[in-house]
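Asker: Quick one: the structure is below, and I'll ask about it shortly.
No lab work stands behind these numbers, since they all come straight from the coordinates. Since we're looking at a predicted model, the values are computed, not measured. Note that we place each Cβ from the backbone using ideal geometry, even for glycine, and neighbour counts take in every protein chain shown.
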Amino acid sequence: MLKWLWLSVLVAALDLATKAIASHYLVLYQPVPVFPGFNWTLAHNSGAAFSFLSSESGWQRWFFSVIALVVSIGITIWIKRLKPTETWLAVALALVLGGAVGNLWDRVTLGYVVDFIDVYYQQSHWPAFNLADSAISVGAVLLIIDSLRSRHDEDGRKKQSRKGEV
């Protein structure tokens, strides 16, 4: 199922391209309104999700880089071992992998992750994010859906085999 790695490469490439565009055209922390509830806002996140540990002295850069690298290797191995019928799982893992690689690249080369998507309601802003974060989130949702589908299929098979035994 390594054929799905093209999706990871595409996600990482689009992520890095959009971050480069945002970094070139946007001014750090200066919102550019697009429509109500949505701005382009360049931000640098030296922490993890929701800027977790961003105020630390710099050790978190390498800590999160190592975690992302280990997770990326693990996901690649997982994808390699998938059965040809496990398409949903392969797509989900490829999205997570592409996002992880995109953010890992930033963290290693820049020391922070470039974020630029700002979603808000009235005065409440969601933490800024990027395409990699979006791919990871969509991949995580697909992993949950795949897990629920797999459990449902297993329950269905068990029920069918019990009917056959009776």
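Asker: Sort 85-97, 124-136, 23-35 for me by packing, meaning the mean count of neighbouring Cβ atoms within 10 Å per residue, highest on top.
Answerer: 85-97, 124-136, 23-35
Asker: For a bin width of 5 Å, list the pair-distance distribution of segment 70-132 built from all Cα-Cα distances, rounded to whole %.
Answerer: 4, 16, 19, 17, 15, 13, 9, 5, 2, 0
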